[in-house]
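I have placed the structure first, in the form of structure tokens, so that the comments after it can refer back to it.
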Amino acid sequence: AQTVTQSQPEMSVQEAETVTLSCTYDTSESDYYLFWYKQPPSRQMILVIRQEAYKQQNATENRFSVNFQKAAKSFSLKISDSQLGDAAMYFCAYRSGVMDSNYQLIWGAGTKLIIKP
Amino acid sequence: ETGVTQTPRHLVMGMTNKKSLKCEQHLGHNAMYWYKQSAKKPLELMFVYNFKEQTENNSVPSRFSPECPNSSHLFLHLHTLQPEDSALYLCASSQNTGLSNEQFFGPGTRLTVL
């Protein structure tokens, strides 16, 4: 079974600096998607960025980018120029490409990101 | 209303009560999900509905009973709950259950079982 591990329960960063959140996963599959979701305090979970396993190029969305290392099964999220609004729980998630998995998301336990003003 | 809404936002109930959680999505999606979110644990998928048909039940105890009358509405009926069922219950929707589909989440219902 697939697993997703976020080894950092909490991270803090100074405003305007760069922070990297770690995520590793375990799978024997070659076709899958990886996601980072953000859950601000008392607000809805939203998708930050996604990566397709067959794409070698790392996904980027404005200040958010990933470092996808398929062989190492690593999928870290880099946030550049951190802003106060980035403070949230960040969840890494894996989605199998195998049809009979019903494409379920497998979630990590989350990393709480604190932004210091 | 836009996106995914959930009511109530907070619920306190005794172990013998019966209550229901409601989720509504205004995105024209066909798949809806119930998740349980407990502190410092990964989200647990409970149920999946695709085109009103239940496609997944992740060994959820029968004291949780889902209902999906149409593609826009999803309910979670609760009865005889236990204190360990206290958690944030999240509803989500997506276009369908396909591989690349983004899930859109509601704000959740914070459930406390006394």
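Just so you know, all these numbers are worked out from the coordinates, no wet-lab data involved. Everything numeric here is computed off the predicted structure, so don't read it as measured data. In this analysis, Cβ positions are derived from the backbone assuming ideal geometry, glycine residues included, and neighbour counts consider all displayed protein chains.
Tabulated values for the structure
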item	result
The range A:1-49, residues that are loosely packed, with under 12 Cβ neighbours inside 10 Å and either of a type in the set (A, V, I, L, M, F, W, C) or outside any loop (DSSP other than H, G, I, E, B) (or both)	A:ALA1, A:GLU10, A:GLN14, A:ALA16
Selection within the range A:1-18 - closer than 10 Å to A:ILE114 by Cβ and either out of contact with any strand residue (DSSP E or B) (no Cβ under 9 Å at 6 or more places or on another chain) or within 14 Å of another protein chain (Cβ to nearest Cβ) (or both)	A:GLU10
Flag for A:SER82 being over 26 Å from B:THR97 (Cα atoms), surrounded by fewer than 16 Cβ atoms within 10 Å (Cβ to Cβ) and among the hydroxyl-bearing types (Ser, Thr, Tyr)	no
Residue match in the range B:87-95 (condition: without any contact (Cβ under 8 Å) to a residue 60 or more places away in the chain, in a strand (DSSP E or B) and of a type in the set (Gly, Ala, Ser))	yes
Filter result for the condition that a residue is under 25 Å from A:ALA109 (Cα atoms), in a loop (DSSP other than H, G, I, E, B) and more than 14 Å from every other protein chain (Cβ to nearest Cβ), over B:LEU76, B:LEU81, B:LEU21	B:LEU81
Considering residues of the range A:62-110 that are away from chain B (no Cβ under 11 Å), part of a strand (DSSP E or B) and among the polar types (S, T, N, Q) only, the residue nearest to the chain's Cα centre (by Cα)	A:SER76
Residues within the range B:12-49 that are over 14 Å from the mean Cα position of the chain (by Cα) and either within 16 Å of B:GLY98 (Cα to Cα) or in contact (Cβ under 8 Å) with a residue 60 or more places away in the chain (or both), tallied	11
Restricting the range B:46-56 to residues that are within 14 Å of chain A (Cβ to nearest Cβ) and in contact with a strand residue (DSSP E or B) (Cβ under 6 Å, 6 or more places away or on another chain), the residue that is surrounded by the fewest Cβ atoms within 10 Å (Cβ to Cβ)	B:THR55
Conditions (1) crowded, with 20+ Cβ neighbours inside 10 Å; (2) within 14 Å of chain A (Cβ to nearest Cβ); (3) part of a strand (DSSP E or B); number of the one not met by B:ARG110	(1)
Residues located in the range B:74-98, provided they are surrounded by fewer than 16 Cβ atoms within 10 Å (Cβ to Cβ) and out of contact with any Ser or Thr (no Cβ under 8 Å at 6 or more places or on another chain)	B:GLN82, B:PRO83, B:GLU84, B:GLN95, B:ASN96, B:GLY98
Enumeration of residues in the range A:50-61 that are touching a strand residue (DSSP E or B) at 6+ places or on another chain (Cβ under 7 Å) and in a loop (DSSP other than H, G, I, E, B)	A:ALA53, A:ASN58, A:ALA59
